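The values are calculated or read from the model by the stated rules, or taken from the named source; none is laboratory data. Small disclaimer: the values here were computed from a predicted structure and weren't measured. Note: ideal-geometry Cβ built from the backbone for every residue, glycine included; neighbour counts use all protein chains shown. Remember, those area values only see protein heavy atoms, side chains included, never the ligands or the DNA or RNA. Shrake-Rupley method; radii C 1.70, N 1.55, O 1.52, S 1.80 Å.
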Amino acid sequence: MKRKIITTSDGSTTIQIEDWNEQYHSKHGAIQEAFHVFIDAGLRLFKNQPVSILEIGFGTGLNALITLMLAKELSLEIRYTGVEKYPVPENEIRQLNYISELKAEAYKMHFSKMHETAWNSRVAISSHFSLQKVQKDFMRIEDENLFNLIYFDAFGARVQPELWTEELFSKMFDALTPGGVLVTYAAKGSVRRAMQAVGFLVERLPGPPGKREMLRAKKPLS
């Protein structure tokens, strides 16, 4: 499928799949969406503790980069796992402007290391952040009680409806520890009902720019 780099409304870039008219991040602001959905509604719930994070759709590595940048500020020891079936080509990664837009020159080498490190091996990216990239289909995830937080950043239900079903959310529920949290930019009623059907406690939150709402789901403590 034809792909191109586009600039979103906040000045940050993303990758657009033209055949789908779908982007890796919101066209209303890639960086703004990442902070709003995954950091402010997810990561900031955790402070001064070890946190194990699963990202569904490692993609460009933007969410992982911002999480790494905040690890020290929030006093977090982060064990990050990013699952991606189709890794983004290096030539596309080089065209993304996240380091300059985030004013994150100090993290330029860390971002490069995230993408250069081998798949399916855990690597220390910094003293506060380790990364394992896993190349496989999301439906093949079989982890249980392993993650405190899930960044659910798959392509939208309009183009990949099979990723927003009870079947996959059941796997996410099993992968979380009791009290664990899943955050996503999605807000469709069918998505919320699928989450609730597998046992999640779901709340609607104000969405990022361009979206009225988003969802946060919690696995009950018992």
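Which percent of the Cα-Cα distances in segment 65-168 go past 20 Å? Kindly include the intermediate steps, with their values, before the conclusion.
Numbers: 2537 of 5356 pairs.
So the portion of pairs separated by more than 20 Å is 47 percent.
In nanometres, what is the gap between the two model label sites at L221 and K85, each 7 Å from Cα along Cα-to-Cβ?
For the pair L221/K85, the computed spacing is 3.8 nm.
I'd like the carbon and sulfur percentage of the solvent accessible area for segment 10-130, probe radius 1.4 Å, heavy atoms only, ligands and nucleic acids excluded. If you can, show how the numbers build up before the last one.
Numbers: 2580 of 5290 Å².
Exposed carbon and sulfur together represent 49 percent of the surface.
Can you tell me what share of the DSSP beta bridges in the chain is antiparallel? A percent to the nearest 5 is fine. Could you put the intermediate results ahead of the total?
Details: 21 of 44 bridges.
Taking every DSSP beta bridge with both residues in the chain, the antiparallel ones total about 50 percent.
In whole angstrom, note down how far apart the Cα centers of segment 150-167 and segment 172-189 are.
One Cα centre to the other: 12 Å.
Along each of the three principal axes of the Cα atoms of the chain, give the extent in whole Å, ordering the values from largest to smallest.
Extents along the principal axes: 43, 40, 31 Å.
Computed over the Cα atoms, what is the radius of gyration of segment 112-177 divided by 2.2 N^0.38 Å, N being its residue count? The partial results should precede the final answer.
Numbers: Rg = 13.8 Å, N = 66, 2.2 N^0.38 = 10.8 Å.
Segment 112-177 yields a ratio of 1.27.
Within the set of other residues whose C-beta is less than 12 Å from the C-beta of M69, count the net charge using Lys and Arg as +1 and Asp and Glu as -1.
Spelling it out: positives minus negatives among the neighbours equals +1.
Which distance in nm do the two modelled labels at N97 and R204 give, with both placed 7 Å along the Cα-to-Cβ direction?
3.5 nm
Among rounded, prolate and oblate, which fits segment 129-222 when a ≥ b ≥ c are the square roots of the eigenvalues of its C-alpha gyration tensor, a/c under 1.5 means rounded, and a/b larger than b/c means prolate?
Values: a/c = 1.41, a/b = 1.22, b/c = 1.16.
Here segment 129-222 falls in the rounded category.
Rg (Å, one decimal) plus Dmax (Å, integer) for the alpha carbons of segment 1-89?
Expressed in Å, the Cα Rg and Dmax of segment 1-89 come to 14.0, 44.
What is the count of Lys pairs in segment 35-169 whose alpha carbons sit under 20 Å apart, if the two are 8 or more places apart or on different chains?
10
Once you place label points 7 Å from the Cα toward the Cβ at Q196 and S9, how far apart are they in nm?
Between Q196 and S9, the label points sit 2.9 nm apart.
In sequence order, what are the phi-derived ³J(HN,Hα) couplings for segment 19-29 according to the Karplus relation 6.51 cos²θ - 1.76 cosθ + 1.60 with θ = phi - 60°, rounded to whole Hz, with x for glycine and proline?
Couplings: 4, 9, 6, 10, 10, 5, 9, 4, 5, 7, x Hz.
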